[in-house]
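Worksheet for the structure shown next.
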Amino acid sequence: MSDTLSSAFADTKPHYNILDGLRGVAALTVVCFHLFEAYATSHLDQKINHGYLAVDFFFILSGFVVGYAYDDRWKTMRITDFLKRRFIRLHPMVVLGAVIGAVMFYFQGCSVWDVSQVSVMALILATLMNAFLIPATPGMEIRGVGEMYPLNGPSWSLFFEYMGNILYAFFLHKLSTKVLSILVLSAGCGLAVFALCGSLGDICVGFALTEENIIGGSLRLLFSFPAGLLLSRIFKPVKVRGAFWIGSFSIVILSAIPRIGGSEHLWMNGLYDTICFAVAFPLLVCLGASGKTTDKVTTRVCKFLGDISYPLYMVHYPFIYLYYAWVKNEHLTFTQSLPGAVALVAGSVVLAYLCLKLYDEPVRRWLAKHLLHAYGSRSNRNGG
């Protein structure tokens, strides 16, 4: 990999390859979670019920990696340099996800959303808004189900990811470890209250511009991203064998646990969510950062899963809309649609890899060459 492309990634330090692999496993659980939305009547009977918690794992992991990569660079790095790097890392796939969603939009019609009534101009506007991460308001978005980004739903988490990176650049990196700990504790208490006492009994929020989603989504970010940053400062590795496989199994199990407490005891599921985001996920990040791959198979699996994790997350959902419409239009059971489900997961993985190699890496290489040259020159002069 060239020096220019290396600079397009978050850092030039060694990667935690097990964390890369765990991010890929979490992305796969998100795909499976979204598949089962076609059969759910509510959050209560959704299969892979807690797959939405993968986003909280992503936020913690992002904070950890950003802190590890950049905390010691602020003497020679400007805020604009950092933001350019994060833009290069994140935004090419945001744009591609919006374009794929737009191309597939008119093939996704079903009883839940009538795409035939949407004009081409409205679709073009929605595509531009999604590509620039401008959220749509409920009642104004073209699918009619209230999403901030109706062409590619998961873009909502990138909106918050950008907010986390902006907060880090202007504010969080300046905080002492003690003050950062207080912030993490305060945000964690707020998110726990939301989970335990809220009307949903979960933290599956952030994807719409409603009061509940804005508050919940903000709390998810304000705990998880700074918590990852805090871990990057205080983390001490311990010897762990089989860390990737232990972590992968844990992520799958935590995601697949059925809804707890039903509609009568919402706080029970809120407690489970709290245990996951406040205890389990920080421990999983520490586990992944402590372990090392010791065999070629695990090393290759971690690298592949890490490479495709972000493209997979950003390109799979337009196909979920298509799958959802197919299931609803044909009144299919899961057994009847199983071949389609398998094809969707496998096809999304293949597409993610192709997008990585044919689009994401070349675009990041080009952007790094044109946007990071000045920073590289300054770093060289400063010995960085």
- Message: List pairs: first residue in region 99-110 and within 16 Å of G144 (Cα to Cα), second residue β-branched (V, I, T) and assigned to a helix (DSSP H, G or I) anywhere in the structure, Cβ distance under 7 angstrom, at least six positions apart or on different chains.
- Response: A102/T127; F105/V115; Y106/V115; Q108/V115; G109/V115
- Message: Whether any residue in region 236-255 is of a type outside the set (S, T, Y) and in contact with an Asp or Glu (Cβ under 8 Å, 6 or more places away or on another chain) is what I want to check.
- Response: no
- Query: Considering only residues of region 119-146 that are among the β-branched types (V, I, T) and within 13 Å of Y321 (Cβ to Cβ), which is surrounded by the fewest Cβ atoms within 10 Å (Cβ to Cβ)?
  - Reply: V145
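Determine which member of the set Y149, Y162 is in contact (Cβ under 8 Å) with a residue 60 or more places away in the chain and at negative phi. Break it down into steps so the answer makes sense when it comes.
Working: Y149 fails: in contact (Cβ under 8 Å) with a residue 60 or more places away in the chain.
Going through Y149, Y162 in turn, just one is in contact (Cβ under 8 Å) with a residue 60 or more places away in the chain and at negative phi: Y162.
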- Message: Tell me whether region 302-318 contains one or more residues that are at pLDDT 95 or above, buried (at least 22 other Cβ atoms within 10 Å of the Cβ) and farther than 27 Å from V103 by Cα.
- Response: yes
- Please enumerate the residues belonging to region 16-37 that are over 14 Å from M314 (Cα atoms) and of a type in the set (G, A, S). G21
- Message: For region 199-234, which positions are within 17 Å of I166 (Cβ to Cβ) and surrounded by fewer than 20 Cβ atoms within 10 Å (Cβ to Cβ)?
- Response: I214, S218
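Take the residues in region 319-371 that are of a type in the set (V, I, T) and closer than 22 Å to A26 by Cβ, then tell me which one is surrounded by the most Cβ atoms within 10 Å (Cβ to Cβ).
I320
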- Task: Answer yes or no: is there a residue in region 88-110 that is of a type in the set (A, V, I, L, M), at pLDDT 95 or above, surrounded by fewer than 21 Cβ atoms within 10 Å (Cβ to Cβ) and in contact with an Asp or Glu (Cβ under 7 Å, 6 or more places away or on another chain).
- Result: yes
- Filter result (assigned to a helix (DSSP H, G or I) and surrounded by 23 or more Cβ atoms within 10 Å (Cβ to Cβ)) within region 147-156: S155
- Query: Are there any helices (runs of 4 or more DSSP H) wholly within region 24-142 with 1 or more residues that are within 17 Å of N165 (Cβ to Cβ), and if so which?
  - Reply: 54-70, 79-104
- Task: Residues being free of Cβ contacts under 8 Å to residues at least 60 places away in the same chain and of a type in the set (G, A, S): count how many of those fall in region 203-247.
- Result: 3
- Message: Let me spell it out: the conditions are (1) at pLDDT 95 or above; (2) in contact with a helix residue (DSSP H, G or I) (Cβ under 9 Å, 6 or more places away or on another chain), and G291 meets all of them except one. Which number is the exception?
- Response: (1)
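For region 150-157, check the following and say yes or no: at least one residue is touching a His at 6+ places or on another chain (Cβ under 9 Å), modelled with pLDDT of 95 or more and farther than 30 Å from K174 by Cβ.
Yes, some residue in region 150-157 is touching a His at 6+ places or on another chain (Cβ under 9 Å), modelled with pLDDT of 95 or more and farther than 30 Å from K174 by Cβ.
The values are calculated or read from the model by the stated rules, or taken from the named source; none is laboratory data. Keep in mind that this is a model prediction, so the values were computed, not measured. For neighbour counting, all protein chains shown are included, and Cβ atoms are generated from backbone atoms with ideal geometry for every residue, glycine included.
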